[in-house]
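The values are calculated or read from the model by the stated rules, or taken from the named source; none is laboratory data. Remember, predicted model here, so these are calculated numbers, not experimental data. Every residue, glycine among them, receives a Cβ derived from its backbone with ideal geometry; neighbour counts consider all protein chains shown.
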Amino acid sequence: MQDNMEAFQEAAKLDLGRPYVETKLIEIGPVVAEAKIAFERVDKWAAHDRLPFDLAWFPLKPTVRKEPKGVVLMVVPFNLPIWIAIGPLASAIAAGCAVAIKPSELTPHFGALLAELLPKYLDPTLYTVVNGTVPQVGALLDLQWDHILYTGGGRVARIILSAAAKTLSPVSTELGGKSPCIVNSDCDLRLAARRILWGKLCNAGQVCTAPDYVLVQRDFAPKLVDAFKATLQEFYPGGAAKSDSYSRMINHSHFKRVQGLIESTRGHIVYGGGTNEDTLFIEPTLVLNVHHDDPLMQEEIFGPALPIVLVDNMDEALEFINSRDHPLALYAFTRSSEFKEKVANNTQSGAISFNETIFHAAVDGLPFGGIGASGSGWHTGKFGFDTFTHLRAQIDAPGWMEFILKGRNPPYSEEKAKA
Ligand code: NAD
């Protein structure tokens with residue numbers, strides 16, 4: 001990664017119209033850190049575990065062996081290809097697995113670069129890249145795998161899981177969904193606006209953990225909108241279209257999808273709404289007073305439109321969240337410890353962050369994964385190592401134990417079994 005930093009940045013620029021700095025911040029930096037951590041800690045992670053002393057079992061020397069699962073398939077989405085392909089690759093190498101990586105056909109520059117570079121650095125008989133579209137994935141899924149790590153949307157996840165069922169290949173699914181962001185009236189407003197919009201507008205909203213929508217108390221909403229507008233002015237003083245710090249939509253189909261959502265919303269567009277299909281540009285767009293049945297509230301937006309849902313109180317916000325699929329991430333901006341506890345104790349999500357968005361994925365030592373419709377399984381750090389590791393139980397029974405165990409042998413008798 002370090003040798004080829006600029007080539008990866010350029011690939012992301014060509015595939016996603018993404019600024020170099022953003023690629024370094026959200027993909028290359030975290031991946032390099034993850035690879036270093038795996039390298040430094042692999043001996044500790046891979047050491048077999050002897051169980052704590054137990055009088056009943058110690059003669060058997062019970063041990064948990066950490067063994068590679070075997071050959072892994074990674075199916076990668078378009079939005080964070082470096083982070084999703086190379087981070088888990090480091091974990092799989094640490095676990096001792098061989099890997100085939102299937103990049104998204106929507107990131108052809110990344111796919112070609114990876115296919116060119118991987119054999120220069122890793123044994124090509126163990127680590128390989130398969131570029132292609134649906135037929136190639138179909139052919140890969142006809143094979144039996146020792147683990148499949150699928151990252152992408154729920155629709156394709158169902159296809160992958162059905163195919164994997166035929167070969168009994170185990171699958172982790174890293175999916176997305178609508179990650180809510182609660183803004184409580186007691187929050188630090190300027191900080192909240194800055195952190196929500198940073199998380200929302202990174203990669204033009206095409207981040208799996210991006211805050212999808214905001215829940216805010218009706219009477220506090222005007223202040224929040226003002227703070228959002230001030231932040232947008234600060235982030236993009238000449239407008240996002242002219243900024244060199246703002247990404248583009250991946251392709252025309254996603255551009256049209258998000259444009260369609262903005263055009264069909266029944267909410268009130270209070271900022272943005274501008275688009276340019278030639279450059280796949282969608283302006284940061286704030287939509288106020290969006291209802292649960294609005295087009296913007298049906299699917300993960302995966303673009304720079306931020307619906308603001310108004311509630312009368314925070315209990316209503318929690319009910320709103322709980323009436324939907326468990327999200328990949330849940331965000332709450334508040335100064336109140338009681339409210340933080342209340343949100344954490346009364347909701348479920350892959351991760352929960354207070355007074356921050358999307359950053360938890362980079363924190364060393366935390367698992368990254370969803371729950372329910374947002375996925376199952378984890379990657380990053382030790383959790384990635386565990387995903388690709390088989391925990392093989394081992395005992396080594398000494399002959400002298402026959403003295404104790406003989407009561408289990410036929411012919412059975414109550415008397416022998418008691419002994
Ligand atoms: P996608 O589901 O369209 O594609 C993902 C991968 O599946 C690609 O490699 C693609 O080639 C392959 N694929 C597409 N159609 C297929 C089919 N019919 N059969 C077999 N394989 C097929 O996802 P995407 O649009 O590339 O990525 C966006 C989604 O990924 C969002 O929902 C986002 O939230 C999610 N995501 C999740 C994480 C996470 O770690 N949880 C990270 C990034 C993105």
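Couple of notes before you dig in:
- Residue list for the range 364-408, filter: of a type in the set (Asp, Glu) and either closer than 14 Å to Ser91 by Cα or surrounded by 15 or more Cβ atoms within 10 Å (Cβ to Cβ) (or both): Asp364, Asp386
- Selection status of Lys200, more than 10 Å from the ligand (Cβ to nearest atom), on the phi < 0 side of the Ramachandran plot and crowded, with 17+ Cβ neighbours inside 10 Å: yes
- Which listed residue, of Val130, Val64, Val72, is crowded, with 18+ Cβ neighbours inside 10 Å and either at pLDDT below 95 or of a type in the set (A, V, I, L, M, F, W, C) (or both): Val72
- Taking residues in the range 247-271 that are more than 12 Å from Gly303 (Cβ to Cβ), and partners anywhere that are more than 16 Å from the ligand (Cβ to nearest atom) and basic (Lys, Arg), the pairs with Cβ atoms closer than 9 Å and at least 6 places apart or on different chains are Val270/Lys229; Tyr271/Lys229.
- Filter result for the condition that a residue is away from the ligand (no atom under 16 Å from the Cβ), in a strand (DSSP E or B), out of contact with any Leu (no Cβ under 6 Å at 6 or more places or on another chain) and not assigned by the TED database to the domain that holds Thr63, over Ala344, Ala332: Ala332
- Close pairs (6 angstrom Cβ cut-off, 6 or more residues apart or separate chains): touching a residue at least 24 places away in the same chain (Cβ under 8 Å) and of a type in the set (D, E, K, R) in the range 60-83, away from the ligand (no atom under 16 Å from the Cβ) and assigned to a helix (DSSP H, G or I) anywhere: Lys66/Ala46
- Selection count, the range 318-331, where residues are more than 14 Å from Asp212 (Cβ to Cβ) and buried (at least 18 other Cβ atoms within 10 Å of the Cβ): 1
- Flag for Glu27 being modelled with pLDDT of 95 or more, within 13 Å of the ligand (Cβ to nearest atom), assigned by the TED database to the domain that holds Val156 and of a type in the set (D, E, K, R): yes
- The residue of the range 315-329 that is nearest to Cys202 (Cα to Cα), among those that are touching a strand residue (DSSP E or B) at 6+ places or on another chain (Cβ under 7 Å) and part of a helix (DSSP H, G or I), is Ile321.
- Extreme residue, farthest from the ligand (Cβ to nearest atom), among residues of the range 116-167 that are within 20 Å of Phe388 (Cα to Cα) and among the aromatic types (Phe, Trp, Tyr): Tyr127
- No other residue among Ser162, Ser185 is of a type in the set (Gly, Ala, Ser) and exposed (fewer than 14 other Cβ atoms within 10 Å of the Cβ) apart from Ser162.
- Being in a strand (DSSP E or B) and among the hydrophobic types (A, V, I, L, M, F, W, C) is not true of Ala85.
- Single match in Lys382, Lys416 (criterion: over 21 Å from Asn184 (Cβ atoms), free of Cβ contacts under 8 Å to residues at least 40 places away in the same chain and touching a helix residue (DSSP H, G or I) at 6+ places or on another chain (Cβ under 9 Å)): Lys416
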